[in-house]
Amino acid sequence: MEIKHIPNRINPYEYNDYGMEPELVTKNHDVSINCYISGDETKRKLPILTYTQNETDKKMIEGVYRYSKEGKDYYTFCLGKFCTGNLIKYRIQITEDSRVIQTKWYEFEVLTSIELSTPDEVCLEEDKFDTTLFGYYTIKGDKCLKLSMKLKQDMISFQIQGIYPWKDTKNRLKETYQYNGDEYELTIEANTHSLLLKGKNEETIGTFKKGFHTIKMLVNGNDTIQYFSVSLDLSGKGFYGFGEKFDRVNQRGLQPKNCVVEQFTHQNEKTYLPVPFFMTEKGYGVYYDTNHIVDFDIKATTEDQNTVTMSRLIGNTVSENHLLFFFGSVNERIQQYQKRSGKIMLPPNWAFGPWMSANGWDSQRETLQQVDNMKKYEIPATVMVLEAWSDEATFYVFNGAQYEAKDGSEALSYNEFQFKEDGKWTNPKKMSEIIHANNMKLILWQIPVIKHFDGEEQKQHQNDERTVLEKGYCVKQSDGSPYRITDNWFADSLLLDFNNPEAVKWWFSKREYLVKELHVDGFKTDGGEFVYDYKSVFKDGKTGYEMKNQYPNAYVGSYYKFLEEMLGKNKGITFSRAGYKGAGSFPTHWAGDQVSEFCELRAQIRAGLSAGLSGVFFWGFDIAGFAGELPTTELYLRASAVAAFCPIMQFHAEPRTGQFGDQNRRSWNNDRSPWNIAEVNEDAYVMEVYRYYANLRMNLLPYIVSEAGYAIKESRPLFAHLICDYENDDNVYEIEDEYMFGRNLLVAPILYEGETERSVYLPAGVWYDFFTSESYEGGKHYTLPCKLGQILVFVKGGSIIPLHLSDKLALGSYVGNNAESFENLCFIVYGNAGEYHYTDESGNNLFVQYSNQVGLVAGGRNETDFKVISSANIKQAYDRK
């Protein structure tokens with residue numbers, strides 16, 4: 001028997017069937033409390049809710065049955081309306097036979113709603129370092145909201161100071177004030193306190209006037225702000241960023257939520273990886289520097305004017321509540337954002353080669369068969385990801401390993417395991433050696449939980465869980481009891497507290513042997529969206545309010561730091577789906593779970609472009625989807641072509657479930673490997689095309705590695721929306737199906753089923769077909785053919801593209817899978833002249849310049865052998881359909 005109730009919504013997009021509605025209460029709200037009860041309904045009475053009002057007037061009401069689902073009965077309790085300032089405490093209980101089960105006491109306060117417009121006073125304080133404006137808004141006559149605005153040459157910072165007793169202020173603004181930054185001009189009128197913000201081209205960016213500049217708050221009896229909303233008039237036709245957005249890159253007219261959410265397939269407006277940062281084509285960006293959930297609402301009012309509302313659920317503190325305005329080019333604004341959220345880190349070279357993965361590879365025999373397939377078919381890969389390797393009890397022991405369980409505080413080493421010859425994993429150390437001997441790196445799947453089991457448990461798991469509970473290594477509820485994951489994936493499991501240094505040390509002591517003795521190169525840090533209860537508490541005092549979004553970073557960041565300590569800087573990687581501001585500090589990421597449909601491929605492209613504009617540069621997706629029916633040949637080949645021109649190129653598949661029929665091969669082998677898709681679809685062309693693009697990926701590796709280094713240095717996305725380079729071109733604002741891969745390649749894939757041609761917009765300049773060298777005049781739209789097996793890629797005129805080619809000088813030619821050195825480094829010149837600065841992890845630092853008149857100039861430390869070749873001399877590896 002169990003009663004489940006969490007007051008806040010566990011998913012802000014959906015009604016909480018066992019929460020409180022509304023989440024924040026004012027005197028106008030009817031309050032209802034929802035819960036579900038699991039267990040034998042024949043033995044229990046109706047649930048009872050007991051509540052008090054201001055510690056008195058105890059009342060009891062019966063629950064109203066709503067519905068049953070999956071063995072759970074859902075009830076609601078209607079409490080009605082309350083007066084402002086009332087404190088309500090309540091708990092739910094159920095009687096089963098003679099046994100009474102009850103929840104802890106919950107409470108809420110009926111908040112005061114306040115709406116403000118223009119400040120009553122504005123004060124100016126200046127010194128040689130800072131210029132700060134303070135706005136004072138009268139509240140209830142004797143109190144005021146204090147808001148500060150700090151002005152710097154490259155940035156404006158707004159911050160809520162809080163609610164204070166009103167007092168006379170000095171330095172009151174008595175005349176119109178103007179501040180000139182490097183990229184902006186700010187003017188405030190003394191009489192009306194209206195504010196006008198202009199860019200360097202004298203174009204208006206934003207206005208803050210009476211009737212247009214509105215602040216709304218919900219405040220408790222202690223004058224603590226529980227909810228804060230501000231509306232600004234901002235200009236722009238395109239609003240980009242907000243994290244990884246699947247529904248649309250340009251979020252103008254939408255209401256993006258800044259909240260980490262798990263959504264299995266068809267993410268639409270939801271996201272695993274939100275970022276409270278956006279920018280427009282007008283030369284400014286806005287960063288709401290907070291860990292709390294922020295709701296954005298971008299309402300278009302005219303052709304390029306908008307009312308942008310930012311609403312924040314605060315919890316118990318107004319700290320970390322900076323609203324920053326950045327100025328400059330797109331890349332400069334991303335750079336300013338990442339300077340404040342965390343440095344974007346560069347993955348090692350091998351991360352940019354093709355990856356291979358499938359959840360169904362659950363044995364050493366099958367894993368090594370995939371390595372053999374790679375060699376047999378000459379389809380290169382540089383990374384092997386294993387998901388189904390562990391026992392799912394510890395997540396650090398290979399499935400089937402025999403060993404003597406230790407006390408939960410102790411760690412196991414590899415030599416304490418025995419592996420059966422007929423077991424799933426017969427010799428993991430030998431397997432790792434084989435993988436590495438084939439120029440591949442090994443990544444193992446992880447999840448940040450101590451899993452809950454029904455029924456018989458594994459001994460080591462029991463010992464570990466006991467240690468976690470005794471030492472307080474897990475996240476807690478507000479009453480100090482262990483927090484268990486509320487619902488959905490890994491329900492009822494404990495969640496490790498990565499804000500607890502001792503818990504982190506304990507956790508990684510269990511995994512140290514994987515890196516030290518098995519030479520694991522990284523971890524697929526899955527999940528992280530598990531903080532559902534906002535009142536949950538972490539070791540450092542932070543609550544679920546703050547950690548809902550931040551938990552994935554705490555979790556993944558701990559793994560990344562562990563790998564740095566074990567392997568050295570930039571030697572290992574994490575591979576994550578969830579994250580928050582600063583997620584780029586822990587490369588790499590993937591787009592989460594999608595089904596094998598063309599609409600999902602389009603959503604993945606939008607997600608990657610949005611992620612790049614939000615400081616997440618090293619990102620990828622599961623080729624042709626992860627779940628559901630196996631992809632068609634057409635979808636698989638179109639997606640493979642896109643992945644070849646994406647920061648991370650990976651195929652992957654969900655666990656084998658048998659959901660498509662016992663007699664269907666798809667029921668027991670749903671791998672998205674090219675050899676499996678070719679066999680199931682009975683189409684050898686799959687192998688031919690995938691081989692081409694995997695080899696092309698290895699050809700492109702010098703370009704990708706060098707451009708990745710540039711991305712870090714200059715804060716330019718590797719997978720970039722056209723606005724990064726063509727901010728003043730109105731034609732690019734709504735383009736969400738072509739992109740720049742690095743600075744010099746424009747990619748225009750086919751993303752709709754059945755299409756064999758598409759419209760392509762080429763910005764100003766001269767462009768060359770990457771595959772044929774045919775030239776095109778920029779500033780125009782073209783409708784171009786693109787057969788199955790092809791992708792449209794164009795090279796910016798004047799570019800030199802570094803490639804690793806075979807002696808045949810053919811695109812798509814086999815050069816192996818060595819990502820550390822390039823035996824035949826070639827610089828391909830598109831046009832009559834060009835230049836390129838090439839760098840890589842090996843220390844090469846070459847400046848290559850070419851023209852018909854000047855010839856070749858090259859130099860730099862650790863100079864390597866290379867060729868400079870006209871694009872007209874590059875061949876195709878085969879004639880694609």
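The values are calculated or read from the model by the stated rules, or taken from the named source; none is laboratory data. Keep in mind that this is a model prediction, so the values were computed, not measured. Here Cβ is always computed from backbone atoms with ideal geometry, including for glycine, and neighbour counts include all displayed protein chains. These accessible areas exclude ligands, DNA and RNA; they are computed on the full protein's heavy atoms, side chains included. Shrake-Rupley method; radii C 1.70, N 1.55, O 1.52, S 1.80 Å.
Given the chain, what percent of its DSSP beta bridges are antiparallel, to the nearest 5?
Details: 171 of 204 bridges.
Of those bridges, close to 85 percent are antiparallel.
Add -39500 (n - 2.57) for each DSSP H run of 4 or more in the chain, then divide by its residues: what number comes out at 222 nm, to the nearest 500 deg cm²/dmol? All intermediate terms of the calculation are to be shown ahead of the outcome.
Values: 11 runs with 151 residues, N = 881.
So the helix-based figure for the chain works out to -5500 deg cm²/dmol.
How high is the FRET efficiency from residue 178 to residue 204, r the C-beta distance, R0 22 Å, rounded to 0.05?
Values: r = 15 Å, r/R0 = 0.66.
Computed FRET efficiency for residue 178 and residue 204: 0.90.
To the nearest 20 debye, what charge dipole does segment 89-130 have about its Cα centre, counting +1 at the Cβ of each Lys and Arg and -1 at the Cβ of each Asp and Glu? Display every interim value, and only then the final one.
Values: 5 positive and 11 negative charges, 154 e Å.
Computed charge dipole of segment 89-130: roughly 740 debye.
To check you understand DSSP bridge types, tell me what percent of the beta bridges within segment 402-548 (both residues inside) are antiparallel, rounded to 5.
Working: 8 of 12 bridges.
Within segment 402-548, antiparallel bridges account for around 65 percent of the total.
Enter the Cα centre distance for the pair segment 278-294 and segment 112-137, rounded to the nearest angstrom.
21 Å
Tally up the carbon and sulfur contribution to the accessible surface of segment 1-99 as a whole percent, 1.4 Å probe, everything protein left in place. Mind showing how you got there, number by number?
Details: 2260 of 4900 Å².
Of all accessible area on segment 1-99, carbon and sulfur atoms account for 46 percent.
Got the relative contact order for segment 24-172 handy, in percent, Cα pairs under 8 Å and 6 or more residues apart?
Numbers: 298 pairs, mean separation 27.5, N = 149.
Relative contact order for segment 24-172 comes out at 18 percent.
Taking H placed 1.01 Å from N in the peptide plane, check which residues at least 5 places from residue 399 or on another chain put their amide H under 5 Å from its amide H.
Placed amide hydrogens put 390, 391 under 5 Å from residue 399.
Using only alpha carbon pairs under 8 Å that are at least six residues apart, calculate the relative contact order of the chain and give it in whole percent. Working shown, then result.
On the way: 2151 pairs, mean separation 76.2, N = 881.
9 percent.
Is there a quick way to get the dipole size of the chain? I mean about its Cα centre, with the Cβ of Lys and Arg at +1 and of Asp and Glu at -1; what is the value in debye to the nearest 20? List each step's numbers first, then the result.
Details: 95 positive and 121 negative charges, 237 e Å.
I would put it at about 1140 debye.
Using a probe radius of 1.4 Å on heavy atoms only, what accessible surface per residue do you get for the chain? Whole Å² is fine. Write down the numbers at each step before the final one.
Values: 33270 Å² over 881 residues.
With the other protein chains kept in place, the chain gives 38 Å² per residue.
Restricting attention to segment 735-836, which trypsin sites (Lys or Arg not before Pro) occupy a DSSP loop and are surrounded by at most 14 other Cβ atoms within 10 Å?
Values: sites: 743, 758, 780, 787, 796, 808; in loops: 743, 787, 808.
Passing both the DSSP loop test and the Cβ count: 787, 808.
Computed FRET efficiency, Cβ-Cβ of residue 452 and residue 126, R0 60 Å: what is it to the nearest 0.05?
Given R0 = 60 Å and the Cβ-Cβ separation, E is 0.55.
For segment 549-684, which whole percent of the accessible surface, found with a 1.4 angstrom probe, sits on carbon and sulfur atoms?
Details: 1530 of 3340 Å².
It is 46 percent, rounded to a whole number.
Tell me which label goes with the value of log10 I(q)/I(0) by the Debye sum over Cα atoms at q = 0.08, 0.11 Å⁻¹ computed from the coordinates here: (i) -0.94, -1.22; (ii) -0.86, -1.21; (iii) -0.80, -1.37.
(iii)
Looking only at segment 571-596, which residues have a backbone nitrogen under 20 Å from a spot 7 Å from the Cα of residue 247 in the C-beta direction?
So the set is 578-581, 591-595.
What trypsin sites (Lys or Arg not before Pro) does segment 316-413 have in DSSP loop regions with at most 13 other beta carbons within 10 Å?
Details: sites: 333, 339, 340, 343, 365, 375, 376, 406; in loops: 343, 406.
Those that pass, being in a loop and sparsely packed, are 343.
Among 613, 228, 793, which residue has its Cα furthest toward the positive end of the charge dipole of the chain, with +1 on Lys/Arg Cβ and -1 on Asp/Glu Cβ?
228
Which entries of 257/539; 406/451; 4/104; 471/542; 516/569 show an alpha-carbon separation above 21 angstrom in the structure shown?
Details: 257/539 27 Å; 406/451 18 Å; 4/104 11 Å; 471/542 18 Å; 516/569 15 Å.
Among 257/539; 406/451; 4/104; 471/542; 516/569, the Cα-Cα distance tops 21 Å for 257/539.
So which aspartates and glutamates can residue 43 reach, going by Cα to Cα under 14 Å and dropping same-chain residues fewer than 8 places off?
Partners within reach: 2, 73, 96, 97.
Quick one: of 72/581; 174/299; 45/89, which pairs are farther than 30 Å apart, Cα to Cα?
Violating the 30 Å Cα-Cα cut-off are 72/581; 174/299.
At a Förster radius of 45 Å, what calculated FRET efficiency corresponds to the Cβ-Cβ distance of residue 430 and residue 602, to the nearest 0.05? Write out the running numbers ahead of the final one.
Details: r = 43 Å, r/R0 = 0.96.
Approximately 0.55, to the nearest 0.05.
Which of the DSSP-defined H helices in the chain satisfy a minimum axial length of 15 Å, computed from C-alpha atoms, and a minimum mean Kyte-Doolittle hydropathy of -1.0?
Values: long enough: 330-341 (16 Å, -1.98); 364-376 (18 Å, -1.85); 459-471 (18 Å, -2.25); 544-567 (34 Å, -0.76); 598-613 (23 Å, 0.56); 633-644 (17 Å, 0.68); 685-714 (40 Å, 0.04).
Correct list, ordered by number: 544-567, 598-613, 633-644, 685-714.
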